[in-house]
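S.K.: One structure coming up, written as structure tokens, with questions to follow.
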Amino acid sequence: MAQPDESSKLRERLLRFERESRYLRKDSDQRKVIEEVFDRSTLLAVEDLMSRKDLKELHGVVRSGKEARVYFGEDPAGAPVAVKIYLVSASDFRKRMGYIAGDRRFGRLPSGSRETVYLWTRKEFKNLQLAATSGVRVPRPVAFLKNILLMEYIGTPPEPAPTFAEAEVEESDYEWTFLTIGTLWKKAKVVHADFSEFNVFKTAGGPILFDMGSAVLSTHPQSGEFLRRDVSNMVRFFRKRGIEGKDADEWMDKILS
């Protein structure tokens, strides 16, 4: 249990988060956001990550979604880290059970929303490890605890790198995309299952894939369906941007051959 002075410091940090994050929500809505993210269990998990020396500081929100919020943090050496905190209260997680059921890595299905979120966090960490080991560029996973995932920060803090949706894309991005989908399938034995222009960072060093929580093993009963959806999504995206190439069937044949 944290000592009183440590708890006081953490409360001070939360007040700072509220001030720094005010551009996302206004007035009483912001306090609701803070309370939604930082329940008692999450506060204790943040303290544990700090006591374990995985995390030193936590700053403001850099991205906000229905299921999670990403904060800019610092490790003990002062290096930037992305701190992804999944909302335990997010009802959408009930719809995510299909991405967990059938995954032999996790055995018994969770019975409650909190357990589902904790498993989802662990799942994303494991998927990032698998992708990185196979040579796919993803944010380097650092640590996880309960509903908190620490990763390499992509961008120049406090700004995250732009995504494909926010940047100009090129032929090289097109080639990278389908090579990456194929590498995940053949080497990592994983399907992203939510591959889109919103889940790829565009950086000077090349694209970086993120948001790996939905990813399933190739042995998952719906892996083929998810693979085709990923391919179709990206073929459609690049066509909208004026980059033509193989159609979804041709890419599926190439990836599966």
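S.K.: For the modelled label position 7 Å from the Cα of residue 66 along Cα-to-Cβ, which residues of the range 100-124 have backbone nitrogen atoms closer than 14 Å?
M.R.: none
S.K.: Continuing with the same structure: Using alpha carbon centroids, what distance separates the range 189-257 and the range 81-114, in Å?
M.R.: Here the two parts' Cα centres lie 22 Å apart.
S.K.: Counting other beta carbons within 10 Å of each residue's own, what order do 84, 123 fall into, fewest first?
M.R.: Sorted ascending by nearby Cβ count, the order is 123, 84.
S.K.: If you rank 176, 120, 185 by fewest surrounding Cβ atoms within 10 Å, what's the result?
M.R.: Arranged by neighbour count, lowest to highest, 176, 120, 185 become 176, 185, 120.
S.K.: Structure shown: which of 56/189; 84/246; 186/240 lie over 31 Å apart, alpha-carbon to alpha-carbon?
M.R.: 56/189; 84/246
S.K.: Among 219, 176, 196, whose Cα projects farthest towards the positive end of the dipole of the range 161-256, with charges put on the beta-carbon of Lys, Arg (+1) and Asp, Glu (-1)?
M.R.: So the residue we want is 219.
S.K.: If you don't mind, there's one more thing I want to ask. Between residue 101 and residue 246, what FRET efficiency comes out of the Förster formula 1/(1 + (r/R0)^6) with R0 = 30 Å and r the beta carbon distance, rounded to 0.05?
M.R.: 0.40
Every number here is computed from the coordinates shown, using simple stated rules; none is lab data. Just so it is clear, the model here is predicted, and its values are computed rather than measured. Glycine also receives a Cβ, built like all others from the backbone with ideal geometry; neighbour counts cover every protein chain displayed.
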